[in-house]
Amino acid sequence: MDVALICKALGDANRLKIVKMLSDGEKCGCKLLEAFEITQPTLSHHMKILCECGLVETRREGRWSHYSLSGETLSVFQAFIGGLNGTRGGDCGCR
């Protein structure tokens, strides 16, 4: 898993909204498209980026694509984020 790729993918407001939408289950591309004022090729571009970083999985059903979050990638990314510590460390000795 490439954490930098995931962070880059989530750096776009539309992709962040897509991930939030997928957090409650699989969605057809047509349902995702309804939530945005973008074209189908633009949605496809966003989905390609989310799939390439591993956050989203796709399955084809006829002519439609159905998208869902990758539980495995999400768990690893959550562990990475959870391991970050925002507290100040000890004295580094610089003066």
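Only the coordinates and a few stated rules stand behind these numbers; no lab work does. What you are looking at is a predicted structure, and each value in this text was computed from that prediction instead of being measured. Here the Cβ positions follow ideal geometry from the backbone for every residue, glycine too, while neighbour counts run over all protein chains shown.
Let me check against my output: what whole-number percent is the relative contact order of the chain, with C-alpha pairs under 8 Å and at least 6 apart?
31 percent
Against the longest principal axis of the chain, how steep is helix 40-52, in degrees 0 to 90 to the nearest 10, with axes from Cα atoms?
40 degrees
In degrees from 0 to 90, rounded to the nearest 10, what is the angle of the helix 13-22 Cα long axis to the longest principal axis of the chain?
Here the helix axis deviates by roughly 70 degrees.
Percent of Cα-Cα pairs per 10 Å bin, from 0 to the last occupied bin, for the chain, please list those.
15, 44, 23, 10, 6, 3, 0
When a footprinting reagent is the concern and you count Cβ atoms within 10 Å, what order do ASP2, ASP24 take, fewest first?
Listing ASP2, ASP24 from fewest to most nearby Cβ atoms yields ASP24, ASP2.
In deg cm²/dmol and to the nearest 500, what is the mean residue ellipticity at 222 nm of the chain if only DSSP H runs of at least 4 residues count, each as -39500 (n - 2.57), divided by the residue total?
Value at 222 nm, helices only: -15000 deg cm²/dmol.
Go through the chain and name the GluC sites (Glu not before Pro) that are in a DSSP coil and have 13 or fewer other Cβ atoms within 10 Å of their Cβ.
Passing sites in the chain are GLU26, GLU37.
Cβ under 14 Å from MET1's Cβ, MET1 left aside: what net charge do those residues give with Lys, Arg +1 and Asp, Glu -1?
Summing Lys and Arg as +1 and Asp and Glu as -1 gives -3.
May I ask you to evaluate 6.51 cos²θ - 1.76 cosθ + 1.60, the Karplus curve with θ = phi - 60°, for each residue of region 63-80 and list the ³J(HN,Hα) values in order in whole Hz, giving x for glycine and proline?
8, 9, 9, 10, 10, 8, 6, 7, x, 5, 5, 4, 5, 5, 5, 4, 5, 4
Amide H of VAL56 versus every other amide H placed in the peptide plane: which residues, excluding those fewer than 5 positions away on the same chain, fall under 5 Å?
For VAL56, whose amide H was placed from the backbone, the distant partners under 5 Å are CYS51, SER70.
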